[in-house]
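These notes are about the structure you will find just below.
Any read-out appearing in this document is the output of simple, stated calculations on the displayed coordinates, not a laboratory observation. Predicted model, so just to flag it, every value in this text is computed and none were measured. Note: ideal-geometry Cβ built from the backbone for every residue, glycine included; neighbour counts use all protein chains shown.
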Amino acid sequence: MNVHEYQAKEIFSKYNVPVPRGLLATTVEEAVENAKKLGGNIWVVKAQIHAGGRGLGGGVKVAKSIEEVQKYASEILGMTLVTHQTGPEGKLVQKVYIEEGVDIADELYLGVVLDRAKEMPVIMASTEGGMEIEKVAEESPEKIIKVAVDPTIGFQGFHGRELAFGLGLPKEQVGKFIKFASALYRVYMENDAELIEINPLVKTGSGDFIALDGKMGFDDSALGRHPEIEAMRDLSEEDSDEREASEYGLSYVALDGEIGCMVNGAGLAMGTMDTINYMGGTPANFLDVGGKANAQTVAKGFEIILKNKNVKAIFVNIFGGIVRCDRIANGILEATKLVDVHVPVVVRLDGTNAKEAAEILQNAGIKNIITASDLGDGAKKAVLAAKGEL
Amino acid sequence: MSILVNKDTKVIVQGFTGKEGTFHAEQCLAYGTKIVGGVTPNKGGQTHLGKPVFNTVKDAVLQTGATVSMIFVPPAFVADAIMEAADAGIELAVIITEGAPVKDMMFAKMYAIKNGMKTIGPNCPGIITAQECKIGIMPGMVFKKGNVGLISKSGTLTYEGANQVCNEGFGITTAVGIGGDPIIGLSYKQLLPMFEEDPETEAIVMIGEIGGDLEIQAAEFIKKNITKPVVAFIAGQTAPKGKRMGHAGAIVSGSAGTAKEKMEALEKAGVHVVVSPAEIGKKVAEVLKK
């Protein structure tokens, strides 16, 4: 789960990670009011969406007067912001964050993620603040300092020194930076974060560090013990089909091909997409029905797959282990009653109770259903069916 | 022969009396697995599925001599259960539970290693030595005895791969589902040398997926240390970047962890890489008939 910048900064503040003062607004009037409340003579109006690259897309503006705050807030609120992370369809901006201006002397990068190879958190720092870190990693990896922290000892002084000296900070700033990084490590561990990024981390004219931006993602498996973070969930930022699917225990990701897929198990679901591709077709989605599939969830799966108008055929590929094939077969029959399945459905059922399942499907005698003997045969038939050649 | 577990392995079940624990323990017993008891706090002294229930893993180990634990406890308690097993001297913990917090696994795995306990999973189907010992949730009838070892991040692809190998007239020595979480126990690099040493195993199937770099580590290891033929499939060639594909660890972040990168590394290491999982059985047959 991801949160907005203003929410990440709320969390940072609790741990004494310095952030600029700011207030959230959902209307232009509120934005103006917030700017007045904050005082000063320079403000930043920032679109709040779950995507990076907001500045380049025109979602972040510096205002030098209250009139400009009003102007930018009215431009940004309600706009569809397109960045390299939103996809071409962009995202509707429903909230802006009004922040006090900050005296910027230098821009750095600071992040914390899980190092999967070392199996511990790694703090990453770079002098190349404001740039996309993936780009820095590709073009000049030597400019990223990585320090893994063994969680059984936690963040120690030496971790901080390695980062601070690696960044080439002058000695009067080393202590301040270590304090900042140490606090950020606590934010990561105590909230079960999956990722934290501060880009840029600003060094002010007076040599202080402040998080100008803030991005946080959380481990979904740990949300149960962080109700305050779960309450920050913004459903309007999530794909509605993916969310609907997850409510039924299905894992769904939309793709741009023509063959809808319904599979049990994430690995086999990906393998099915790959096989369709290998046979010359294109998958329309990833869909894992999980280990507890029943008639209702299968029907829901069909409904979600068929919402996508590009779908020309569906491939149901089940290898029954915990999931029993006869239940899936019944689910398919049920689904054809509940949902108008207007495209051909290729069904391959193998494993537990596959024989019973085959009988159920045969006895039902539904047109549109084509049975397949194995994975390769099923993918081939689905590709042909999508082309109208079967 | 086999790796890690066989017909004599004594197994306990943590989360024995729960719904999942009960169902799968029953299936394992029916397969022939030597389940000697289980652990459910506050139910010590009872009998379940004809086996004794203990309050603690220590009691269970003391009374039964079990060396392996199959763990079914809910995700919030899984780290505690793993560490309890390690503390009690269990040699191998097979963690079936899905949805364990990553931070918990960080600590649990470190503690397991410190105590010399191996772990498999979490979020995995378990381990099976064909027609001897099933510790997990896989459909036992798929696995016929033979000469192929199998290591897979995905549950259903484990069944798919094993089924194809058996349909080609071969069979399985041991199959290990290692799970698709960001932090897992035994992986390719630790399991490959076990299969290399196992005299019965003549070929190895490894099934990977997008995310992380375990398959890349495996490729480097194979190049230097593995003489038996390896057939590999990497799932997720058609997966979009930045999207989590079902498994918590199956995500291409930035440009790292793609299927293409892993397939190329494995090919360079002399592994027989197939583009579709539908080709696993045929490729194994081809390699073994050479």
*Residue-span extension gain [residue A:26 to residue A:100] - 0.36 nm each, minus C-alpha spacing*: 24.9 nm
*Net charge of Cβ neighbours under 10 Å - reference residue A:46; Lys, Arg +1; Asp, Glu -1*: 0
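How long are the three semi-axes of the equivalent ellipsoid of the protein assembly as shown, in whole Å, if each is the root of 5 times an eigenvalue of the C-alpha gyration tensor, listed from largest down?
Numbers: eigenvalues 406, 198, 110 Å².
Value: 45, 32, 23 Å, ordered largest first.
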*How large, in Å, is chain B by the Kirkwood hydrodynamic radius built from its alpha-carbon pairs?*
19.0
*State, to one decimal in nm, how far the label point of residue A:389 lies from the label point of residue A:165, with both points 7 Å from Cα in the Cβ direction.*
6.6
*Efficiency of FRET from Cβ geometry, residue A:190 and residue A:79, R₀ 25 Å, rounded to 0.05*: 0.10
*Assuming a ≥ b ≥ c are the square roots of the Cα gyration tensor eigenvalues, decide whether the range B:143-214 counts as rounded (a/c under 1.5), prolate (otherwise, with a/b larger than b/c) or oblate.*
oblate
_Gain upon complete extension [residue A:139, residue A:338; 0.36 nm per residue less C-alpha separation]_ = 66.3 nm
*Shape of the range A:263-329 from its Cα gyration tensor (a ≥ b ≥ c, root eigenvalues): rounded if a/c is under 1.5, otherwise prolate when a/b > b/c, or oblate?*
oblate
*Antiparallel %, DSSP beta bridges [both residues in the protein assembly as shown], to 5*: 50
*List the aspartates and glutamates whose alpha-carbon lies under 14 Å from that of residue A:14, not counting same-chain residues fewer than 8 positions away?*
A:190, A:228
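Could you please rank B:31, A:188, placing first whichever residue has the fewest other Cβ atoms within 10 Å of its Cβ?
B:31, A:188
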*What percent does the relative contact order of chain A come to when contacts are Cα pairs within less than 8 Å and at least six residues apart?*
12
_I'd like the FRET efficiency for residue B:275 and residue A:244, computed as 1/(1 + (r/R0)^6) with the beta carbon distance as r and R0 of 35 Å, rounded to 0.05._
0.60
_Treating only the Cβ of Lys, Arg, Asp and Glu as charged (+1, +1, -1, -1), what charge dipole size does chain A show about its Cα centre? Round to the nearest 20 debye._
180
*Can you pull the one-decimal nm distance between simple spin-label points at residue A:37 and residue A:228, each 7 Å off the Cα toward Cβ?*
2.0
_Within the range A:39-54, backbone nitrogen closer than 12 Å to the virtual label 7 Å beyond the Cα of residue A:236 toward Cβ_ = A:48-50
*In debye, nearest 20: dipole of the protein assembly as shown around its Cα centre with unit charges on the Cβ of K, R (+) and D, E (-)?*
1020
*Compactness ratio of the range B:10-120: Cα Rg over 2.2 N^0.38 Å, N = residue count?*
0.96
*Quote the relative contact order of the range A:21-101 in percent (integer), defining contacts as alpha-carbon pairs under 8 Å separated by 6+ residues.*
45
*Within 10 Å of each residue's Cβ, count the other Cβ atoms and sort A:225, A:348, A:116 from fewest upward.*
A:225, A:116, A:348
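For the residues A:236, B:152, B:187, what sequence is obtained by ranking on other C-beta atoms within 10 Å, fewest first?
Ordered from fewest to most neighbouring Cβ atoms within 10 Å, A:236, B:152, B:187 come out as A:236, B:187, B:152.
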_Tell me the Rg and the Dmax, in Å, that the Cα atoms of the range B:138-289 produce._
14.2, 42
_Extreme residue, positive dipole direction of chain B, given options B:36, B:210, B:176 (C-beta unit charges)_ = B:210
_Which entries of A:95/A:179; B:109/B:228; A:309/A:381 have Cα-Cα distances beyond 25 Å here?_
A:95/A:179; B:109/B:228
*Hey, how much of the P(r) for the range B:213-290 falls beyond 22 Å, as a percent of Cα pairs?*
28
*Could you check what % of the DSSP bridge pairs in the range B:10-120 are antiparallel, to the nearest 5?*
10
_As a test, work out the antiparallel percent of DSSP beta bridges whose residues both lie in chain B, rounded to the nearest 5._
25
*Calculate how large, on average over all directions, the projected area of the Cα convex hull of the range B:33-93 is; give the answer in nm² to one decimal.*
4.0
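Just tell me how shielded A:271-281 is by partners: mean number of partner chain Cβ atoms within 10 Å of each residue's Cβ, no decimals.
Mean shielding by partner chains, rounded to a whole number: 6.
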*Based on DSSP H runs of at least 4 residues, each adding -39500 (n - 2.57), what is the mean residue ellipticity at 222 nm of the protein assembly as shown after dividing by all its residues, to the nearest 500 deg cm²/dmol?*
-11000 deg cm²/dmol
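Charges only on Cβ, +1 for Lys and Arg, -1 for Asp and Glu: so what's the dipole of the range B:138-289 about the Cα centre, in debye to the nearest 20?
280
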*Nearest-0.05 FRET efficiency for residue B:10 and residue A:14, computed from C-beta distance (R0 41 Å)*: 0.25
*asked:* What distance in nm lies between label points placed 7 Å from Cα along the C-beta direction at residue A:204 and residue A:368?
replied: 6.4
*Just list whichever of A:176/A:203; B:224/B:260; A:300/A:337; B:189/B:223; A:300/B:241; A:171/A:215 have alpha carbons separated by over 18 Å in the model shown.*
B:224/B:260; A:300/B:241; A:171/A:215
*chain A: translational diffusion in µm²/s, Stokes-Einstein, Kirkwood Rh over Cα pairs, 25 °C, 0.890 mPa s*: 103
_What does the C-alpha gyration tensor say about the overall shape of the range A:240-386? Classify as rounded when a/c is under 1.5, otherwise prolate if a/b is larger than b/c, or oblate._
rounded
_Applying a 10 Å radius around every beta-carbon, put B:130-137, A:134-141, B:194-201, A:164-171 in order of their mean neighbour count, most first._
B:130-137, B:194-201, A:164-171, A:134-141
